[in-house]
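Taking it in order: structure first as structure tokens, then the write-up.
The values are calculated or read from the model by the stated rules, or taken from the named source; none is laboratory data. All values reported here derive from a predicted model rather than from experimental measurement. Neighbour counts are summed over all protein chains in view; Cβ atoms, including those assigned to glycine, are modelled from backbone coordinates with ideal geometry.
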């Protein structure tokens, strides 16, 4: 089969867009296929919370957020680091700022202006975006098969970049339907698992009815020796939120292995047990327990409700302070992929070479959440997707143009 002088990128999420930009900037014609009616749907969903682009923490800590994949991801993140991503966003006319938590956001606090500017840049570079074009695998001659408006089309590009996402939020396009296509070619696919997801807690009906939808702000969450500061949200099914997501990988594995896991909450992390004990030792007078805890300990109604939900409230000031500082919550289940922000699993990292080309499929490169890495929310997910997209684009260039010419 004669190879055409263009490169096909499949998937118009952040990884696919980044790979397309890298290739088009180098002068290659790019055809970008997207099965959905529009591009960047998960990016737009993330933008509802302000679009956390990346994080400003030191690189050593940043890379560590990728857990078991930190070594592999470190090379990609170093080549396209948070400073590079920030400069790229500003180059699109999207001014950014760093919040008190270290997270980096566009000043517009929306994804749509950035996505529009990005698509306009790609259009100016000549990238051909084909929407409602679903990839169906390869034909017998090795051509890429697409279904577009019910019609079958075949392409034979010089190289292919797959950026089809993981398996979370399938209604937005990340269905994981590509996994059998690659597995059929001998590529090792690790089972998909939810990441950055909520956990089931067996709340009492009275607690659920009163507090579902209320936040637990400025708390600390701990599990298996790790502690993070952040927030959680009480849901009808249990708990969710950024603080929980930072621990979700370890909690998921514990629940899967043991059937449950104990999450420890510090409801007042800014105060020591001693300082809290002193405040709780003040005369209560005729105040109700709820009013006393609200005034003396500064607990919100939701936090007080959670304290009661955990069992009888200790009477002694020190025992009560200790409970507030280390409140156990038993997680009995994991929310599924349909509700997870991202997914773990996918293509085993050993299946790709240093250019992110599949060892079993020369000329086919992969990027984004198709690969088996995970990271918490807070800027790490988007940084990882874009960095691997850039790396895949550069990998294609190194493979097609080994002499640099």
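Structure data summary
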{"quantity": "Residue match in the stretch 181-191 (condition: assigned by TED's automatic domain parsing to the domain that holds residue 299, without any contact (Cβ under 8 Å) to a residue 60 or more places away in the chain, loosely packed, with under 15 Cβ neighbours inside 10 Å and on the phi < 0 side of the Ramachandran plot)", "calculated": "no"}
{"quantity": "Odd one out for residue 115, checked against (1) assigned to a loop (DSSP other than H, G, I, E, B); (2) out of contact with any strand residue (DSSP E or B) (no Cβ under 8 Å at 6 or more places or on another chain); (3) surrounded by 18 or more Cβ atoms within 10 Å (Cβ to Cβ)", "calculated": "(1)"}
{"quantity": "Hits in the stretch 70-81 (condition: over 19 Å from residue 19 (Cβ atoms) and under 17 Å from the mean Cα position of the chain (by Cα))", "calculated": "70, 74"}
{"quantity": "Scan of the stretch 57-68 for residues that are surrounded by 18 or more Cβ atoms within 10 Å (Cβ to Cβ) and touching a residue at least 60 places away in the same chain (Cβ under 8 Å), ordered by number", "calculated": "62, 65, 66"}
{"quantity": "Hits in the stretch 8-38 - residues which are over 21 Å from residue 179 (Cα atoms) and either part of a loop (DSSP other than H, G, I, E, B) or not assigned by TED's automatic domain parsing to the domain that holds residue 170 (or both)", "calculated": "26, 27, 28, 37, 38"}
{"quantity": "Any chance residue 71 is out of contact with any strand residue (DSSP E or B) (no Cβ under 9 Å at 6 or more places or on another chain) and either surrounded by fewer than 21 Cβ atoms within 10 Å (Cβ to Cβ) or in contact (Cβ under 8 Å) with a residue 40 or more places away in the chain (or both)", "calculated": "yes"}
{"quantity": "Test: residue in the stretch 166-179 that is crowded, with 17+ Cβ neighbours inside 10 Å, free of Cβ contacts under 8 Å to residues at least 60 places away in the same chain and under 24 Å from the mean Cα position of the chain (by Cα)", "calculated": "yes"}
{"quantity": "Residue within the stretch 235-257 that is free of Cβ contacts under 8 Å to residues at least 12 places away in the same chain and out of contact with any helix residue (DSSP H, G or I) (no Cβ under 7 Å at 6 or more places or on another chain) present", "calculated": "yes"}
{"quantity": "Condition met for residue 364 (without any contact (Cβ under 8 Å) to a residue 60 or more places away in the chain, in contact with a strand residue (DSSP E or B) (Cβ under 7 Å, 6 or more places away or on another chain) and either assigned by TED's automatic domain parsing to the domain that holds residue 52 or closer than 27 Å to residue 72 by Cβ (or both))", "calculated": "no"}
{"quantity": "Any strands (runs of 3 or more DSSP E) falling wholly within the stretch 138-206 and containing at least 1 residues that are under 26 Å from residue 232 (Cβ atoms)", "calculated": "189-195"}
{"quantity": "Selection from the stretch 207-221 of residues that are touching a helix residue (DSSP H, G or I) at 6+ places or on another chain (Cβ under 9 Å) and part of a loop (DSSP other than H, G, I, E, B)", "calculated": "214"}
{"quantity": "Condition met for residue 202 (surrounded by fewer than 22 Cβ atoms within 10 Å (Cβ to Cβ) and out of contact with any helix residue (DSSP H, G or I) (no Cβ under 6 Å at 6 or more places or on another chain))", "calculated": "yes"}
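Quick grid of which residues meet (1) without any contact (Cβ under 8 Å) to a residue 24 or more places away in the chain; (2) surrounded by fewer than 24 Cβ atoms within 10 Å (Cβ to Cβ); (3) within 19 Å of residue 192 (Cα to Cα):
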| site | (1), (2), (3) |
| --- | --- |
| 316 | yes, yes, no |
| 348 | no, yes, yes |
| 368 | no, no, yes |
| 379 | no, no, no |
| 383 | no, no, no |
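Here's the yes/no breakdown for (1) over 22 Å from residue 18 (Cα atoms); (2) out of contact with any strand residue (DSSP E or B) (no Cβ under 6 Å at 6 or more places or on another chain):
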| site | (1), (2) |
| --- | --- |
| 124 | no, yes |
| 129 | no, no |
| 139 | yes, no |
| 145 | yes, no |
| 151 | yes, yes |
| 159 | no, no |
| 162 | no, no |
| 166 | no, no |
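Residues are listed down the side, and each one gets a yes or a no for (1) outside any strand (DSSP E or B); (2) in contact with a strand residue (DSSP E or B) (Cβ under 7 Å, 6 or more places away or on another chain); (3) modelled with pLDDT of 95 or more; (4) under 30 Å from residue 179 (Cβ atoms):
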site	(1), (2), (3), (4)
277	yes, no, yes, no
284	yes, no, no, no
299	yes, no, yes, no
304	yes, no, yes, no
307	yes, yes, yes, no
324	yes, no, yes, no
329	no, yes, yes, no
346	no, yes, yes, yes
